[in-house]
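Participant: My questions all concern the structure below.
Read-outs throughout are calculated quantities, based only on the coordinates presented, and are distinct from any laboratory measurement. As the structure is a prediction and not an experimental result, all values here were calculated from the model. FYI the Cβ positions are ideal-geometry reconstructions off the backbone, even for glycines, and counts take in every protein chain you see.
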Amino acid sequence: MFEMPSDSIFLIDRFSRNEGMLPSDEAGSKQQQRSLPKILVVDDEKRIADTLTEILEMSGFHVATAYDGWDALEAAARFHPDYLLSDVLMPRMNGVDLAIAMRKMYPDAKILLFSGQAGISEILLAGHRQGFEFELIAKPIHPLKLIERLKAQ
């Protein structure tokens with residue numbers, strides 16, 4: 001899911017340590033962490049979901065993880081995410097159906113769908129016919145690009 005050039009290791013390390021936040025700046029770091037959005041990560045490929053969760057947590061985000069759409073709805077009810085970051089192709093409930101349910105439950109939540117599959121256009125079209133459009137991010141996405149995108153909101 002993630003493309004990680006070997007020359008990016010230093011940049012990732014700087015992000016994961018919340019660059020510029022030293023222990024003496026503890027109050028400031030807590031304030032910044034609180035201001036970062038809460039993200040619900042959903043992917044049926046556990047390795048991808050867990051890796052993405054770890055990367056986001058190391059960058060200061062508060063993250064909950066689910067491995068299918070139904071579990072994600074249960075997690076959302078407890079977690080109240082600011083963002084849903086979900087794969088499109090999943091068993092039991094695809095990412096578009098999950099995004100529609102989340103939009104109805106949490107209208108202010110931002111939704112980012114991601115997929116590495118070419119055959120998702122029909123799923124996205126079905127959501128569009130119901131009046132829903134969601135931003136789609138292609139896999140693989142570099143972790144730093146995703147972090148920048150999430151912090152920009």
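Conditions (1) touching a residue at least 40 places away in the same chain (Cβ under 8 Å); (2) in a strand (DSSP E or B), marked per residue:
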site: SER86; (1), (2): yes, yes
site: VAL96; (1), (2): no, no
site: ALA101; (1), (2): no, no
site: LYS104; (1), (2): no, no
site: PRO107; (1), (2): no, no
site: ILE111; (1), (2): no, yes
site: GLN117; (1), (2): no, no
site: GLY127; (1), (2): no, no
site: LEU136; (1), (2): yes, yes
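Participant: Would you pick out the residues in region 112-146 that are touching a helix residue (DSSP H, G or I) at 6+ places or on another chain (Cβ under 6 Å) and within 16 Å of ALA49 (Cβ to Cβ)?
Facilitator: LEU113, PRO143
Participant: Can you report the number of residues in region 138-148 which are of a type outside the set (A, V, I, L, M) and either more than 13 Å from the chain's Cα centre (by Cα) or outside any helix (DSSP H, G or I) (or both)? It would help to see each step written out before you state the result.
Facilitator: Of region 138-148, the ones of a type outside the set (A, V, I, L, M) are 139-140, 142-143, 145, 148.
Right, trim to either more than 13 Å from the chain's Cα centre (by Cα) or outside any helix (DSSP H, G or I) (or both) and you get 139-140, 142.
The qualifying residues number 3.
Participant: Just the residues that are surrounded by fewer than 18 Cβ atoms within 10 Å (Cβ to Cβ) and either of a type in the set (Phe, Trp, Tyr) or closer than 18 Å to GLN130 by Cα (or both), please, taken from region 66-92.
Facilitator: Correct list: TRP70, PHE79.
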